Amino acid sequence: MIKYVVACIAAFVLMSSPAEADRIKDMTSVEGVRSNPLVGYGIVVGLSGTGDGGNGLTLQSMQSMLSRMGLAVEVGDIVADNAAAVMVTATLGPFLKTGQAIDVTVSTVGEAESLQGGTLLMTPLMGADGEIYAIAQGNLIVGGMGISANDGSSLTVNIPTVGRVPNGATVERMVESPFQNADSMILNLNRSDFSTAAAVAEAINGVFGPGVAVALDGTSIRVQAPADPDQRVSFMGLVENIQVMPDPPAARVVVNSRTGTVVIGGEVLVTPAAVTHGGLTVKINEDYNVDQSATVAMNGDSTVVAPAEPTITPDSQLYVNEEPARAFLFDPGVSLASLVDAINGVGASPSDLVAILEALREAGALRAELIVI
């Protein structure tokens, strides 16, 4: 009977989805269901002479590792040309269990030129609390390549000092999640918006009944969880596939000052305003006139000509070109299309467009938030 009810609700969810709506799973994340970064320090061996060499950090690490294996070795007896000190990073996804495998990324921290052909030795990976959550080891896959010659010339393709070990770490500790124990689950919007939060709660209540979901603020929606833990996974699967029409975002104009990229949101409007756009170009050509004089002296029947100091006279030419002022008028409630057409009609460059938008904002005519990144 329960399976029949769940199937009926799932069919209703699919049939009642509005066109061009977003799924809740694409708009929100479940509080407490998150990934955790892991990091560790390790040694890569088996390199073909592209390791750290005499780097002190690597030599001490290898001495410490060998001493734990019962070998008494001095630092001076170790050559690390075929080894490299590395930092190992990984991401522990939600609900991963002990014994499952995750990918790891290996990056050099010393003087190694390439990790091509290397093997990562057993490396504990720790979380932010200092506890060990995974153990990494395996052969590296390096997408880059570095070649050097005896004359000092070299060629590098991509990044040879970073590699990956697919499924290179085994999970040793599970991160507890409140998903199975909490009385309710919190959905957090990826972009805070009060109207969208209310729409999400209304959509959930429209499927499961009133009072199941409550919008707490512009970001969070509290959803009452089933009392039976066995039903929570299927319940959240249904909730995630409910489609909601998000509210249009706030009117914003985003300007990238480094690249000149300007993005104008579809909700941007302007109040009545007149804009005059023109340009003044000043060009100066610097030149010099050189007059080479000479000193003539008579010595008996012969004449001696000796060059004198040249006379240098600056010759500057100034050109001024002022383009005719181009004016355009914005009527009340001008939309995005009209705004872009008017600015493009006067041949404005990206920098001119930024200047016009800033002037409109200062005049109070731009009904949008201007964001410079």
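The values are calculated or read from the model by the stated rules, or taken from the named source; none is laboratory data. The model shown is predicted, which means the values in this text are computed figures rather than measured ones. Cβ coordinates were reconstructed from backbone atoms using ideal geometry, including for glycine residues, and neighbour counts include every protein chain displayed.
Numbers at a glance
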item	result
Matching residues, region 208-235, being part of a loop (DSSP other than H, G, I, E, B) and of a type in the set (A, V, I, L, M)	V212, L216, A225, A227
Residue ID - modelled with the highest pLDDT, chosen from residues in region 177-207 that are in contact with a Lys or Arg (Cβ under 9 Å, 6 or more places away or on another chain) and not in a strand (DSSP E or B)	A201
Selection from region 236-273 of residues that are part of a loop (DSSP other than H, G, I, E, B), β-branched (V, I, T) and modelled with pLDDT of 85 or more	I242
Filtered residues of region 81-137 (kept if under 23 Å from L47 (Cα atoms), in a strand (DSSP E or B) and among the polar types (S, T, N, Q))	T89, T105, S107, T108, T119, T123, Q137
Residue count for region 183-201, restricted to those that are buried (at least 19 other Cβ atoms within 10 Å of the Cβ) and closer than 9 Å to S220 by Cβ	3
